[in-house]
Amino acid sequence: ASSLSSRYAVDAGERMRTGSREGYWLAQVKFPRPLCLELLGTCLAANPALFLGGPACFALLRQGVCAVLLKNLRGCFDFAILIRSIHLLQRLFSCPALAAPLMPELQVF
C-alpha cells in the first residue's frame with residue numbers, strides 16, 4: 001500500500017499520460033479518470049458558455065485541460081482514457097465559441 005504523499009508525488013498530467021486510472025479526491029469521493037473526462041465533455045456539450053463566462057474557468061480549460069489532452073493523445077496506453085480524450089477534443093473543435101479563443105492551444109493537434 002502506497003502512502004498518500006507518494007501516490008500524489010507525481011504530476012497529475014504525468015499520471016494521466018501514463019494511463020493511471022487513479023482518480024482525484026473530491027471531498028470523500030474518488031472519481032476515475034475516464035469518468036472525469038466524460039463529465040467534462042458532457043459539460044462542454046451542454047453549456048460551452050460556462051467556460052467562457054469566468055476567466056478562471058477559461059484559464060483552467062486553456063492551461064489544464066488542453067495540456068492534459070495533448071499528453072493523453074501523445075502517449076496514453078489506456079484505451080478508455082484515449083477514446084474519451086479524443087471525444088473531448090472533438091467537442092472542443094465542434095464548438096465555435098470555444099474553438100476560436102483556444103486556437104493557439106488547439107493548433108498543436
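Of all residues in region 44-54, those satisfying the criterion of being without any contact (Cβ under 8 Å) to a residue 24 or more places away in the chain and open to solvent by 60 Å² or more (accessible area, probe 1.4 Å) are Ala46, Asn47, Leu50, Gly53. Just the residues that are assigned to a loop (DSSP other than H, G, I, E, B) and either open to solvent by less than 50 Å² (accessible area, probe 1.4 Å) or over 18 Å from Leu52 (Cβ atoms) (or both), please, taken from region 76-102. Scanning region 76-102 gives Cys76, Phe77, Asp78, Cys95, Pro101, Leu102.
Pick from Cys57, Cys36: which is part of a helix (DSSP H, G or I), at pLDDT 70 or above and surrounded by fewer than 16 Cβ atoms within 10 Å (Cβ to Cβ)? Going through Cys57, Cys36 in turn, the sole match is Cys57. Only residues that are within 19 Å of Asn47 (Cα to Cα) and open to solvent by 30 Å² or more (accessible area, probe 1.4 Å) were counted in region 60-75, giving 2. Please verify whether region 20-28 includes one or more residues that are over 22 Å from Leu102 (Cβ atoms), of a type in the set (D, E, K, R) and either modelled with pLDDT under 85 or open to solvent by 60 Å² or more (accessible area, probe 1.4 Å) (or both). Scanning region 20-28 turns up at least one residue that is over 22 Å from Leu102 (Cβ atoms), of a type in the set (D, E, K, R) and either modelled with pLDDT under 85 or open to solvent by 60 Å² or more (accessible area, probe 1.4 Å) (or both).
The values are calculated or read from the model by the stated rules, or taken from the named source; none is laboratory data. Remember, it's a predicted structure, so these values are computed and weren't measured experimentally. Note that we place each Cβ from the backbone using ideal geometry, even for glycine, and neighbour counts take in every protein chain shown. These accessible areas exclude ligands, DNA and RNA; they are computed on the full protein's heavy atoms, side chains included. Shrake-Rupley method; radii C 1.70, N 1.55, O 1.52, S 1.80 Å.
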